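None of the figures in this text is laboratory data; all of them are computed from the coordinates on show. Bear in mind the structure is a predicted one, so any value in this text is a computation, not a measurement. Glycine also receives a Cβ, built like all others from the backbone with ideal geometry; neighbour counts cover every protein chain displayed.
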């Protein structure tokens, strides 16, 4: 593993934070369009779907960051960064679909899960090898 | 401090992300059991308790990650990792208790706070020593 | 970049986690003052504003951590740490303002955005230079 900071992971992470800020902004725009002033979080179905779409992204964001960084640190930085970009695309599909209807959130959601699964599998493999290397003195 | 990546911390962190995903899944199962389609978040008391149990875990998760990693980096990786496992157990108790009744969330919640307190105290001690070492040239 | 762990960033991060815990505690106090037992999240306007103020802080917290650490790692640790303190101050203003009225949340919120913007600009600059250094072999 390189000792310099993983700049690709950092770039994708920063980009994902900007994407999350953009999704939060779209909830704000939906508030304006439907004239729903904070702290109210209920309203027309489209607003409620937009609000929940963002909440779901917020709930999953730390899980994304954890799998992105464990995959990138212990397995492959390039694969992690590329899968991170795929995750953002999946979240965009999810968000846009969910705004239209509850059912249309699903394709984006399944792609989200696929990206998280890939990151997770590589992270588990990398960490397992790291633990073997460090604590059992094997050299795989 | 070792320069190789802290693999035990990473393992516990990844495990905690899987645990959070499992809790999110259980909210989904509760949705199915009570036939509550997204984006609705209100319903029978048991569903509402399950939903809030998950939300509380989501709200605290970044605080857990921050105290886990500052404790593990600046104090003891092994103690941090073990306390991280305790935190997951506490969250499981909290979640299962909360589903049964609002009051039964408390034992798990207090154990959650105890784990966070331990991580925090060790993190503060480790960081304080780190700042003294780095900026005041003391060698404790 | 230094290879020892960034202790100032860690200190500010830990402090921000304590601040988040304090804000969560204030939602708990508001529950008690208005006699609103979990899992209920609706009630008098003041409680609902307090609840949403905390939720907004929760939603933004991972974005704060990401911009703080990318700025601190790839640009300047001292500037990032100082801006991190400013962010906490901004969140305190936001929270206190929001409790009084929806409109009074705005000054703190704009200061929050200013802090995030500063962290983001420095992070983008630092990461861009890092990518050029690492992948294009330039030495800026």
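Things to note:
- By the count of neighbouring beta-carbon atoms within 10 Å, fewest first, C:86, B:117 end up ordered B:117, C:86.
- Protection proxy ranking, highest mean first, for peptides C:6-17, B:35-46: C:6-17, B:35-46, where packing is the per-residue count of other beta-carbon atoms within 10 Å, averaged.
- Gyration tensor (alpha-carbon) shape descriptor, chain B, a/c threshold 1.5: prolate
- The protein assembly as shown shape via C-alpha gyration tensor axes, a/c threshold 1.5: rounded
- Using alpha-carbon coordinates, inclination of helix B:77-100 to the longest axis of chain B, degrees: 20
- Angle between chain C longest axis and helix C:106-135 axis [Cα atoms, degrees, rounded to 10]: 20
- C-alpha long axis of helix A:45-74 to longest principal axis of chain A, angle in °: 10
- Nitroxide proxy distance, nm - points 7 Å out along Cα→Cβ at residue C:46 and residue C:18: 2.8
- Within a Gaussian network of chain A (alpha carbon springs, distance under 10 Å), most fluctuating of A:20, A:88, A:32: A:32
- Distances between equivalent label points of residue A:89 across the copies, with each point positioned 7 Å along Cα→Cβ, amount to 4.3, 4.4 nm, shortest listed first.
- Each copy carries a label point for residue B:106 at 7 Å from Cα along the beta-carbon vector; from one copy to the others these points are 4.3, 4.3 nm apart, nearest first.
- Distance from the C-alpha centroid of segment C:45-72 to that of segment A:60-117: 22 Å, rounded to the whole angstrom.
- Mean residue ellipticity, 222 nm, helices only, chain C: the sum of -39500 (n - 2.57) across DSSP H runs of n ≥ 4, divided by residue count and rounded to 500, is -28500 deg cm²/dmol.
- With label points set 7 Å from Cα along Cα→Cβ, the inter-copy distances at residue B:37 are 3.3, 3.3 nm, sorted shortest first.
- Cα-based shape type of segment C:59-140, given that a ≥ b ≥ c are square roots of the gyration tensor eigenvalues and the cut on a/c is 1.5: prolate
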